[in-house]
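Enquirer: Structure below; questions to follow.
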């Protein structure tokens, strides 16, 4: 059987890239979904026009904004083959798992005997559908939605509970689904964030089982001793003896500093994790440098970023960005759920904990507070307020005291000529 991924060129602000190019393990979501479909023993090909589909045998068609894992696509194909002469569309039961990632997705909902199902744009097309060649890339998905029958695929999952923060002096516990059966549409920036977080456990399991045909580890060790528990470690990795690694992946050529704690996370190759970092439920792309005493929780840092932050939580940072401790990403709704804005529209995410996203090549280097749910456009520069910036120290006449005033270093007596500097200081 063959699967075709239709190129839609859909873009998700604040990222400049098309949705399939947004960062995930295997460089981007496009490569990741191809690998998952290949693991389901299905040949996969990207197309721009439905006329490229060879319908001489049954095929699977999905647009590039859909993400699905091998285990779920296997189930879907098996069920479809029991009703071979119908166009079929994948659906799953609305549940705690879908509540984790489905809010705001452009999904149709179906009620069957009181059972609520969510319909995803993954279609089984039987051999020789006559009108398929007449469709365009713009209308084929809508046409298939109208023609397809619902095929329910069950999802198996467990729940991992973690204490997150204290809310009004009471502990708040966050539930993370644990599953290899994931499907979703990438519609808003929170979906790449949540899909990456949900996929971390699957990625680790795939590596431990050597299921991937390619990857970011030349060789790997599965270590479960001392300060390293249930983790996959690549070659040429340096871990400080005081660091703690649990249920994580540390890829090739990575350095982890003293007293760093990494749990339920994936650190890709060539990263430099500073001393006393705490990283939980997060994904770090290639060549990320995190400075000392930083905190990251349930976040995604794309490749080639330099980051230092005391509370980067439930947020996503685009490739090649720079983030300092002075920038605060708020992430708590507490009394109300967090809303995100897209153009003039505002959408309720249904989540009490959600940070923000910053697009590619952003430089966030001075005091700024980012409200929950906001997204910072790519190539945003927030640096060098006049009272903070030090660009050049000019030549000065010697003085006992100097003052930084309006982005310039000046002698005290020039700024305050009528004050006695001894009494003032």
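Enquirer: Given Cα pairs under 8 Å that are at least 6 residues apart, what percent is the relative contact order of the range 161-296? Mind showing how you got there, number by number?
Expert: Working: 303 pairs, mean separation 19.3, N = 136.
Reported relative contact order: 14 percent.
Enquirer: If packing is taken as the average count of other Cβ atoms within 10 Å, what order do 63-69, 148-154 fall into, highest mean first? Walk me through the numbers on the way to the answer.
Expert: Numbers: 63-69: 23.3, 148-154: 16.7.
Result, highest mean first: 63-69, 148-154.
Enquirer: If I take R0 = 60 Å and measure r between the Cβ atoms of residue 27 and residue 403 in this structure, what FRET efficiency does the formula 1/(1 + (r/R0)^6) give, to the nearest 0.05? Spell out each step's value before the answer.
Expert: Details: r = 50 Å, r/R0 = 0.83.
It comes out at approximately 0.75.
Enquirer: Further question: Considering only DSSP beta bridges where both residues belong to the chain, give the percentage that are antiparallel (nearest 5). Show your work: numbers first, answer last.
Expert: Working: 39 of 97 bridges.
For the chain, the DSSP antiparallel bridge percentage is about 40.
Enquirer: If you don't mind, there's one more thing I want to ask. Expected output is a single nm value to one decimal: the length gained when fully extending between residue 259 and residue 337, i.e. 0.36 nm times separation in residues minus the C-alpha distance. What is it?
Expert: Length gained between residue 259 and residue 337: 24.6 nm.
Enquirer: Let me ask you something else. Given 0.36 nm per residue, what is the gain on full extension from residue 106 to residue 143 after removing their alpha carbon distance, in nm?
Expert: Numbers: separation 37, 0.36 × 37 = 13.32 nm, distance 1.61 nm.
Value of the extension gain: 11.7 nm.
Enquirer: Here's another thing I want to ask about it. May I ask you to derive the relative contact order of the chain, considering only C-alpha pairs under 8 Å and at least 6 residues apart, and to give it as an integer percent?
Expert: Values: 1039 pairs, mean separation 42.4, N = 425.
Result for the chain is 10 percent.
Enquirer: How would you rank 92-103, 127-138, highest first, on the average number of other Cβ atoms within 10 Å across their residues? All intermediate terms of the calculation are to be shown ahead of the outcome.
Expert: On the way: 92-103: 18.3, 127-138: 12.4.
The most tightly packed comes first, giving 92-103, 127-138.
Enquirer: Report, to the nearest 10°, how far helix 70-80 tilts away from the longest principal axis of the Cα atoms in the chain, using its own Cα long axis and a range of 0 to 90°.
Expert: 20
Enquirer: From the Cα gyration tensor of the range 229-286, with a ≥ b ≥ c the square roots of its eigenvalues, which class applies: rounded if a/c is under 1.5, or else prolate if a/b is larger than b/c, or else oblate? Intermediate values should be presented prior to the final figure.
Expert: Working: a/c = 1.25, a/b = 1.07, b/c = 1.17.
Note, shape of the range 229-286 comes out rounded.
Enquirer: Does the range 1-74 classify as rounded, prolate or oblate by the C-alpha gyration tensor (a ≥ b ≥ c root eigenvalues; a/c under 1.5 gives rounded; else a/b over b/c gives prolate, otherwise oblate)? Intermediate results must be reported in sequence, preceding the final value.
Expert: Working: a/c = 2.69, a/b = 1.39, b/c = 1.94.
In terms of gyration-tensor shape, oblate.
Enquirer: Moving to a separate point now. What is the Cα coordinate range of the range 219-382 on the first, second and third principal axes, sorted by size from largest, in whole angstrom?
Expert: 51, 31, 25
Enquirer: Given only helices, namely DSSP H runs of n ≥ 4 each adding -39500 (n - 2.57), what is the per-residue ellipticity at 222 nm of the chain, to the nearest 500 deg cm²/dmol?
Expert: The helix contribution divided over the chain gives -4000 deg cm²/dmol.
Enquirer: Which whole-angstrom value gives the distance between the alpha carbon centres of the range 1-65 and the range 323-344?
Expert: When both Cα centres are located, 31 Å separates them.
Enquirer: Any idea what the relative contact order of the range 1-104 is, in percent, if you count C-alpha pairs under 8 Å spaced at least 6 apart? Display every interim value, and only then the final one.
Expert: On the way: 112 pairs, mean separation 34.6, N = 104.
Once divided by the residue count of the range 1-104, the mean separation gives 33 percent.
Enquirer: Can you give the angle from 0 to 90° between the axis of helix 190-208 and the longest principal axis of the chain, with both taken from C-alpha atoms, to the nearest 10?
Expert: With both axes taken from Cα atoms, the answer is about 70 degrees.
Enquirer: Compute and list, largest first, the equivalent-ellipsoid semi-axes of the chain from the alpha carbon gyration tensor, each √(5λ) rounded to a whole angstrom.
Expert: After scaling each eigenvalue by five and taking roots: 46, 25, 20 Å.
Enquirer: How many angstrom lie between the Cα centre of the range 87-145 and the Cα centre of the range 288-316?
Expert: Computed from Cα coordinates, the inter-centre distance equals 36 Å.
Values in this text are rule-based calculations from the coordinates and carry no lab data. Quantities reported herein were computed from a predicted structural model and do not represent experimental measurements. Cβ coordinates were reconstructed from backbone atoms using ideal geometry, including for glycine residues, and neighbour counts include every protein chain displayed.
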